[in-house]
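Here the structure comes first, spelled out in C-alpha cells, and everything after it is commentary.
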C-alpha cells in the first residue's frame with residue numbers, strides 16, 4: 001500500500017461548525033487541504049491549498065498544529081493518507097473554486113447525512129467534537 005502526505009484544516013466558524021468539502025467527481029466530504037508537494041512543508045501546502053480551493057488567505061501564525069493521523073484515502077484505492085492537521089477559525093466566508101464541487105458547514109457533534117472520507121469520519125470530526133473552539137483567536141484567516 002502506498003502513502004501520500006497531505007495537509008488538512010479543521011476549520012471552524014464562530015458557531016463551532018466545521019467546514020467539509022467535496023471534490024469534483026467524488027462522493028465523500030472531507031477537510032479542505034491536499035497533497036504536500038516536493039519542497040513544501042505542511043503549513044505552506046495547506047496555505048496554498050486553502051487559497052486555491054476556497055480563496056482563503058490563511059495567516060500562517062494562526063494555523064494551530066494538532067498532529068498527524070493516518071487513514072485510507074477516500075478517492076484513491078490502495079493509498080493511505082498521512083495527514084498533518086491544523087486548526088483555524090474562519091469568518092465563514094469562502095468561495096468554492098479549483099477542484100471543489102461543494103462545501104458544507106456541519107455540526108461535529110450532530111448526525112450527518114453525508115458520505116465522509118475515512119480521515120474525516122474516524123479522526124477529524126471526533127477530534128472537533130472533543131475540542132471546543134472557544135479559546136481560539138477569531139482572526140484565523142484574512143482576505
Query raised in the report: Restricting attention to the range 93-121, and to residues there that are in a loop (DSSP other than H, G, I, E, B) and within 19 Å of residue 49 (Cβ to Cβ), which single residue is modelled with the lowest pLDDT?
Result: 98
Requested in this report: Inspect the range 73-89 for any residue being in a helix (DSSP H, G or I) and out of contact with any helix residue (DSSP H, G or I) (no Cβ under 6 Å at 6 or more places or on another chain) and give the result as yes or no.
Outcome: no
Query - the range 57-72, residues that are farther than 20 Å from residue 128 by Cα and in a loop (DSSP other than H, G, I, E, B) - result: 59
**Report entry** Considering residues of the range 84-98 that are over 14 Å from the mean Cα position of the chain (by Cα) and within 25 Å of residue 73 (Cβ to Cβ) only, the residue surrounded by the most Cβ atoms within 10 Å (Cβ to Cβ)
**Finding:** 98
Report task. Looking only at the range 29-41, decide whether some residue is more than 17 Å from residue 73 (Cα to Cα) and touching a strand residue (DSSP E or B) at 6+ places or on another chain (Cβ under 6 Å). Result -> no
Query raised in the report: In the range 1-54, which residue that is part of a strand (DSSP E or B) and over 13 Å from the mean Cα position of the chain (by Cα) is farthest from residue 105 (Cα to Cα)?
Result: 2
Report task. Looking only at the range 63-83, decide whether some residue is under 15 Å from residue 93 (Cα atoms) and at pLDDT 95 or above. Result -> no
Query raised in the report: Quick one: would you say residue 50 is touching a residue at least 24 places away in the same chain (Cβ under 8 Å), buried (at least 21 other Cβ atoms within 10 Å of the Cβ) and out of contact with any helix residue (DSSP H, G or I) (no Cβ under 7 Å at 6 or more places or on another chain)?
Result: yes
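The values are calculated or read from the model by the stated rules, or taken from the named source; none is laboratory data. The structure presented is a predicted model; accordingly, all values stated were derived computationally and were not measured. Don't worry about glycine lacking a Cβ; one is built from the backbone with ideal geometry, like all the others, and counts go over all protein chains shown.
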